[in-house]
Amino acid sequence: MIERKVPMNGAEQRVYIPLTDIYETGDLYSLKMEMPGIKKENLDIVIDENELRITAKRGSHEEKENVKYSEYSDRDYYRVFKIGYDVDRNRVDANLDKGVLTLKLYKSEEVKPKKISINQAN
């Protein structure tokens, strides 16, 4: 997992940049992101103009005063992607399962490949 400082809410904040795989078919773009420790209610996915913005808040894993040693971090997740106008803003599916966020961004009908029929003249 990558860790970076990014501008958020008027200040720089250290966040995790989740590892992501991106797939494309004729109908959609699919993204799979590693986001362990995230609950659905702490996840925010927004499309604003040509940006897909994913933010997620992580909760504390246990009381800090009882920790003797820890390599676990409570950093939030943050990732932004530029998207084209070929993505249908009204058809986006999101699924969070076992720490993996899957997004399906469907393509607009106008940009999908179309089969052209040929008329034959006698």
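The values are calculated or read from the model by the stated rules, or taken from the named source; none is laboratory data. Being a predicted model, the structure only gives us computed values, none of them experimental. Note that each Cβ is placed from the backbone with ideal geometry, even for glycine, and that neighbours are counted across all protein chains shown.
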Might you check whether a residue that is touching a Lys or Arg at 6+ places or on another chain (Cβ under 6 Å) and either part of a strand (DSSP E or B) or at pLDDT 95 or above (or both) occurs anywhere in the stretch 36-44?
no
Picked from the stretch 17-32 (must be under 14 Å from D76 (Cα atoms) and in contact (Cβ under 8 Å) with a residue 24 or more places away in the chain), the residue farthest from the chain's Cα centre (by Cα) is I17
Of those in the stretch 80-120 that are more than 30 Å from Y16 (Cα to Cα) and among the basic types (K, R), the residue surrounded by the fewest Cβ atoms within 10 Å (Cβ to Cβ) is K115
The residue that is modelled with the lowest pLDDT, considering only those in the stretch 51-90 that are acidic (D, E) and outside any strand (DSSP E or B), is E62
